[in-house]
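The structure appears right after this line, and notes come after that.
Readers should treat all values here as calculations from the given coordinates under stated rules, not as data from a laboratory. Because the structure is predicted, anything quoted here is derived from the model rather than measured. Neighbour counts are summed over all protein chains in view; Cβ atoms, including those assigned to glycine, are modelled from backbone coordinates with ideal geometry.
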Amino acid sequence: MATKAKTKASRATEIKSSRSQAKNRETKTQAASQSAFDLLEQDHREVEEWFDEYDELKDDNRKTELAEKICLALKVHAQIEEEIFYPQAREATKDNDLIDEAVVEHATVKNLIGEIEAMEVGEELYDAKIRVLGEMVKRHIQEEEEELFPELEAAKMDLNAVGKEIVERKEELISEMQT
């Protein structure tokens, strides 16, 4: 009897695992067919919400968790844009000024992230640095979505192909940076 119960439990676990793997493949397939704009905008909305949430927090532990989440998301997002999105955007639009400006903004954001990561919640200027980071990122997002994205739509860039590259690279980077 115990053996049958173990076998049933084992089979149930295998079935659940199989379903989970199928669902993961389906999710990856759906994400891989998303436009680069959709994926980047999804990241933008997520981080904007986190900055707004951070402003309302009083609990230092929650602030620490959220600040770490924000910094990781921004580092991954910036690297994806710099490695994949911006080079292809530059090629499609031939607009070096707009892309160069975005790269400089990323460098500034990364420097501020480095300062924040070297600090502890509660230290002098910590909250101010998070707020300034949020303001900078929100302005960068607005410029990207209102200036760069329309230019790329007109340039007929293959946004689904770029989206697929973004999904794959994002998974790699999150895995690398979380360890």
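In segment 40-69, which trypsin sites (Lys or Arg not before Pro) are in a loop and have at most 15 other Cβ atoms within 10 Å, using DSSP for the loop call?
Sites meeting the loop and neighbour criteria: Lys58.
Strictly over 23 Å apart at the Cα level, which of Lys129/Lys164; Lys63/Lys129; Lys63/Lys138 would you flag in this model?
Flagged as over cut-off: Lys129/Lys164.
For Asp60 and Glu147 in the same chain, what is the full-extension length gain: residue separation times 0.36 nm, less their Cα-Cα distance, in nm?
This chain segment gains 27.6 nm when fully extended.
What is the ratio of the Cα radius of gyration of segment 26-179 to 2.2 N^0.38 Å, with N the residue count, to two decimals?
1.07
For segment 39-126, which GluC sites (Glu not before Pro) are in a loop by DSSP, counting at most 13 other Cβ atoms within 10 Å? Walk me through the numbers before you get to the answer.
Values: sites: Glu41, Glu46, Glu48, Glu49, Glu53, Glu56, Glu65, Glu68, Glu81, Glu82, Glu83, Glu91, Glu101, Glu105, Glu115, Glu117, Glu120, Glu123, Glu124; in loops: Glu120, Glu123, Glu124.
Of the GluC sites (Glu not before Pro), the ones in loops of segment 39-126 whose Cβ has at most 13 other Cβ atoms within 10 Å are Glu120, Glu123, Glu124.
For the residue pair Glu91 and Asn111, what label-to-label distance in nm results when each label sits 7 Å from Cα along the Cα-to-beta-carbon direction?
Distance between the two pseudo-spin positions: 3.1 nm.
Just to confirm the filter: which trypsin sites (Lys or Arg not before Pro) across segment 136-179 are DSSP coil and have at most 14 other Cβ within 10 angstrom of their Cβ?
Lys156
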